[in-house]
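Read through the structure below, which is laid out as structure tokens, and then see the notes.
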Amino acid sequence: MTELRDGALLRPARRGDEEGILACIQALADYEREPDAVDNTAAMLTDTLFGDDPRAFAFVVEGHDGGIRAIAIWFLTYSTWTGRHGIWLEDLYVHERYRSNGYGVALLAALAAECLDKGYSRLEWTVLDWNEPAIGFYRALGAAAMEEWTTRRVTGDALTALAARG
């Protein structure tokens with residue numbers, strides 16, 4: 001647990017944070033122009049983050065009132081080239097009214113420290129190409145764009161069809 005300059009606390013997520021985390025996820029979806037895309041629920045977050053075999057993890061920034069002000073949700077990756085794990089940052093979100101308090105930097109610094117503490121070789125994430133404020137923020141922290149790489153995704157009917165090919 002880390003106390004931030006305004007007295008908020010950065011800590012690992014714990015049971016009871018699910019509604020606050022979900023509110024951040026929905027706010028991020030709204031910002032990314034996909035307000036109807038979130039199917040996640042508090043119960044699903046409980047299972048994912050705190051179940052018998054968690055596969056995703058979260059850090060939160062908690063305000064004085066106990067409310068969740070910011071989140072970083074992440075999971076482990078593996079590099080065959082380095083032979084070591086890394087962290088994939090799935091979501092980083094700071095509620096708009098709390099931006100410019102250093103929460104985003106603090107969350108990314110916590111993830112970088114997690115990498116160093118565990119011997120992980122990298123911290124990675126994607127950002128929408130139109131999200132200039134985030135791109136500028138990440139660039140200022142030293143995050144390099146992977147210009148020659150593009151993300152591919154298979155979902156829905158295409159996922160079903162691909163599985164049927166096996």
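The values are calculated or read from the model by the stated rules, or taken from the named source; none is laboratory data. Computed from a predicted model, the values in this text were never measured in an experiment. As a convention, Cβ positions derive from the backbone with ideal geometry for all residues, glycine included, and neighbour counts pool all protein chains shown.
Identify all residues within the stretch 91-110 that are buried (at least 19 other Cβ atoms within 10 Å of the Cβ) and of a type in the set (A, V, I, L, M); write none if there are none.
Hits for the stretch 91-110 are 92, 94, 106, 107, 108.
Name the pairs whose Cβ atoms lie under 7 Å apart, with the first residue in the stretch 3-30 and β-branched (Val, Ile, Thr), the second modelled with pLDDT of 95 or more and part of a helix (DSSP H, G or I), and 6 or more positions between them or separate chains?
21/45
Only one residue in 121, 100 is assigned to a loop (DSSP other than H, G, I, E, B), hydroxyl-bearing (Ser, Thr, Tyr) and out of contact with any Lys or Arg (no Cβ under 9 Å at 6 or more places or on another chain). Which one?
It is 100.
Tell me whether the stretch 3-21 contains one or more residues that are touching a Leu at 6+ places or on another chain (Cβ under 7 Å), modelled with pLDDT under 95, of a type outside the set (Phe, Trp, Tyr) and loosely packed, with under 15 Cβ neighbours inside 10 Å.
Scanning the stretch 3-21 turns up at least one residue that is touching a Leu at 6+ places or on another chain (Cβ under 7 Å), modelled with pLDDT under 95, of a type outside the set (Phe, Trp, Tyr) and loosely packed, with under 15 Cβ neighbours inside 10 Å.
Of the residues 94, 61, 127, which single one is closer than 17 Å to residue 27 by Cα and in contact with a Cys (Cβ under 9 Å, 6 or more places away or on another chain)?
94
Quick one: residue 80 ticks every box in (1) β-branched (Val, Ile, Thr); (2) under 16 Å from the mean Cα position of the chain (by Cα); (3) farther than 22 Å from residue 143 by Cβ except a single one, so which number is it?
It fails just one condition, (2).
Just checking, does the stretch 37-53 include any residue being within 25 Å of residue 85 (Cβ to Cβ), assigned to a loop (DSSP other than H, G, I, E, B) and either β-branched (Val, Ile, Thr) or within 17 Å of the chain's Cα centre (by Cα) (or both)?
Within the stretch 37-53, one or more residues are within 25 Å of residue 85 (Cβ to Cβ), assigned to a loop (DSSP other than H, G, I, E, B) and either β-branched (Val, Ile, Thr) or within 17 Å of the chain's Cα centre (by Cα) (or both).
Consider residue 160 carefully, then state whether it is polar (S, T, N, Q), farther than 26 Å from residue 3 by Cα and in a loop (DSSP other than H, G, I, E, B).
For residue 160, the condition - polar (S, T, N, Q), farther than 26 Å from residue 3 by Cα and in a loop (DSSP other than H, G, I, E, B) - is not met.
Of the numbered conditions (1) touching a helix residue (DSSP H, G or I) at 6+ places or on another chain (Cβ under 6 Å); (2) β-branched (Val, Ile, Thr); (3) free of Cβ contacts under 8 Å to residues at least 24 places away in the same chain, residue 135 fails exactly one; give the number of that condition.
All conditions pass for residue 135, except number (1).
Note down all Cβ pairs under 6 Å where the first residue falls in the stretch 89-115 and is closer than 12 Å to residue 61 by Cβ, the second is assigned to a loop (DSSP other than H, G, I, E, B), and they're at least six residues apart or on different chains.
101/6; 106/4
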